[in-house]
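Chemist: Can you read through this structure? Questions will come right after.
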Ligand SMILES: Nc1nc2c(ncn2[C@@H]2O[C@H](COP(=O)(O)OP(=O)(O)OP(=O)(O)O)[C@@H](O)[C@H]2O)c(=O)[nH]1
Ligand SMILES: [Mg+2]
């Protein structure tokens, strides 16, 4: 499961957004939440599945328990992606606050890169890392996030020990007043979504009918938290594939470019080890066929071997022996 950290300026509404995302169940500052996916719901319906299991992400209110800025930065480095909250409610200038906060993120990366570069210059074994490190440091000094560049895999390997914050996928939540929903911040480093964290947090504590009524008062159809979660999930370098049947329909995540045995490993290491082949059909083709069994009877299932690279929305059944 991937972990997403909520971060942003002090008092921007991070903990409020966390409550909105985590709903009524948060214990502490970490919550596992389901990623909404209409395709999965459809598969479950077509196969009358007894269980529907969505992909999940773990959301963390990063600064809630960190005692110092350094502790918060260290915690940020462990996140797979960041949800950045900009405060635009109550007459605040969210854009200005965001600009300042971006400086903090750049600074958090500069220190470790400087230290590493100094070491690499002295150590013959690390000399080859110097060009990538100094290019990265130049970018940071120019106020540019490392995520803005296409890096080579050996450069990324050099950076990986430093876990740079500005290399992480980020989604920006513009935290606005209830009557300013839709107002976005334009910033080259982020995709932004407009949210009233306070309204969403209130809604998260209500039953579906009351939630609909409260949101309706502000002209909103449904909570945007689902959209926020979907967006952050998409920013991660993952694809989703499905398994389906009368027992269970389930969404699985695997890194982009994964082969069939690697995808099998997302389910269980035994299935990866004993992998024989995968029966695969695209989501659209399966919906057209109406049911896995019908697709099978009509020879619509492809048989793929161990070199097959999984695609977004594949529905599969693995053949394996243990
Ligand atoms: N009106 C309004 N107030 C909000 C909104 N979001 C947060 N607030 C208020 O702003 C204050 C700070 O919100 P928090 O969620 O605690 O902010 P935070 O980013 O977690 O704060 P720190 O952890 O101290 O940095 C609280 O009083 C919230 O009720 C919003 O969308 N609208
Ligand atoms: Mg907080």
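Chemist: Scan the stretch 187-209 and give yes if some residue there is in a helix (DSSP H, G or I) and more than 16 Å from ligand 1 (Cβ to nearest atom), otherwise no.
Modeler: From the stretch 187-209, those in a helix (DSSP H, G or I) are 197-204, 208-209; that's our starting set.
Right, trim to more than 16 Å from ligand 1 (Cβ to nearest atom) and you get 208-209.
Yes; the residues of the stretch 187-209 include at least one that is in a helix (DSSP H, G or I) and more than 16 Å from ligand 1 (Cβ to nearest atom).
Chemist: Another question, then. Restricting the search to the stretch 55-69, which residues are within 12 Å of ligand 2 (Cβ to nearest atom), within 16 Å of residue 12 (Cβ to Cβ) and surrounded by fewer than 20 Cβ atoms within 10 Å (Cβ to Cβ)?
Modeler: 64, 66, listed by residue number.
Chemist: Just need a number here: residues in the stretch 1-25 that are touching a residue at least 60 places away in the same chain (Cβ under 8 Å) and within 16 Å of ligand 1 (Cβ to nearest atom).
Modeler: Looking only at that region, the number is 17.
Chemist: I want to confirm something. Restricting to the stretch 261-300 and keeping residues that are free of Cβ contacts under 8 Å to residues at least 12 places away in the same chain and over 27 Å from the mean Cα position of the chain (by Cα), which single residue is surrounded by the most Cβ atoms within 10 Å (Cβ to Cβ)?
Modeler: Within the stretch 261-300, the match that is surrounded by the most Cβ atoms within 10 Å (Cβ to Cβ) is 289.
Chemist: Restrict the check to the stretch 26-44 and report whether at least one residue is within 13 Å of ligand 1 (Cβ to nearest atom), assigned to a helix (DSSP H, G or I) and closer than 29 Å to residue 161 by Cβ.
Modeler: No, the stretch 26-44 contains no residue that is within 13 Å of ligand 1 (Cβ to nearest atom), assigned to a helix (DSSP H, G or I) and closer than 29 Å to residue 161 by Cβ.
Chemist: Find the residue count for the stretch 196-242, including only residues that are in contact with a strand residue (DSSP E or B) (Cβ under 9 Å, 6 or more places away or on another chain) and within 16 Å of ligand 2 (Cβ to nearest atom).
Modeler: The qualifying residues number 2.
Chemist: Do we find that residue 265 is in a loop (DSSP other than H, G, I, E, B) and modelled with pLDDT of 95 or more in this structure? Full working, then the answer.
Modeler: Values: in a loop (DSSP other than H, G, I, E, B): no; modelled with pLDDT of 95 or more: yes.
No: the conditions fail for residue 265.
Chemist: Could you say whether any residue in the stretch 228-247 is closer than 22 Å to residue 19 by Cβ, within 16 Å of ligand 1 (Cβ to nearest atom) and outside any strand (DSSP E or B)?
Modeler: So far as the stretch 228-247 goes, yes, one or more of its residues are closer than 22 Å to residue 19 by Cβ, within 16 Å of ligand 1 (Cβ to nearest atom) and outside any strand (DSSP E or B).
Chemist: If you check every pair at least six apart or on different chains, which have Cβ atoms under 7 Å apart with a residue in the stretch 238-260 that is free of Cβ contacts under 8 Å to residues at least 24 places away in the same chain first and a residue that is surrounded by fewer than 21 Cβ atoms within 10 Å (Cβ to Cβ) and not in a strand (DSSP E or B) second?
Modeler: Within 7 Å, the pairs are 255/237; 256/237.
Chemist: Do we have residue 165 as surrounded by 19 or more Cβ atoms within 10 Å (Cβ to Cβ), out of contact with any helix residue (DSSP H, G or I) (no Cβ under 6 Å at 6 or more places or on another chain) and within 27 Å of residue 96 (Cα to Cα) here?
Modeler: Details: surrounded by 19 or more Cβ atoms within 10 Å (Cβ to Cβ): yes; out of contact with any helix residue (DSSP H, G or I) (no Cβ under 6 Å at 6 or more places or on another chain): no; within 27 Å of residue 96 (Cα to Cα): yes.
No: the conditions fail for residue 165.
Chemist: Turning to a different aspect of this structure: Hey, does the stretch 3-14 have a residue that's within 30 Å of residue 247 (Cα to Cα), within 21 Å of the chain's Cα centre (by Cα) and within 16 Å of ligand 2 (Cβ to nearest atom)?
Modeler: First, pick out the residues of the stretch 3-14 that are within 30 Å of residue 247 (Cα to Cα): 3.
So of that shortlist, the ones also within 21 Å of the chain's Cα centre (by Cα) come out as 3.
Going one step further and asking which of them are within 16 Å of ligand 2 (Cβ to nearest atom), we end up with none.
No, there is no match, as no residue in the stretch 3-14 is within 30 Å of residue 247 (Cα to Cα), within 21 Å of the chain's Cα centre (by Cα) and within 16 Å of ligand 2 (Cβ to nearest atom).
Chemist: For the stretch 138-171: of the residues being assigned to a loop (DSSP other than H, G, I, E, B) and in contact with a strand residue (DSSP E or B) (Cβ under 9 Å, 6 or more places away or on another chain), which is modelled with the lowest pLDDT? Write out each step before concluding.
Modeler: As a first pass, look at the stretch 138-171 and keep what is assigned to a loop (DSSP other than H, G, I, E, B): 142-145, 149-152, 161-164, 168-169.
Now narrow it down to the ones that are in contact with a strand residue (DSSP E or B) (Cβ under 9 Å, 6 or more places away or on another chain): 145, 168-169.
Details: 145: 96, 168: 95, 169: 92.
Once the filter is applied, the top-ranked residue is 169.
The values are calculated or read from the model by the stated rules, or taken from the named source; none is laboratory data. The shown structure was predicted, so the numbers you read here are calculated from the model rather than taken from an experiment. No Cβ is skipped: glycine too gets one built from the backbone with ideal geometry, and neighbour counts run over all protein chains shown.
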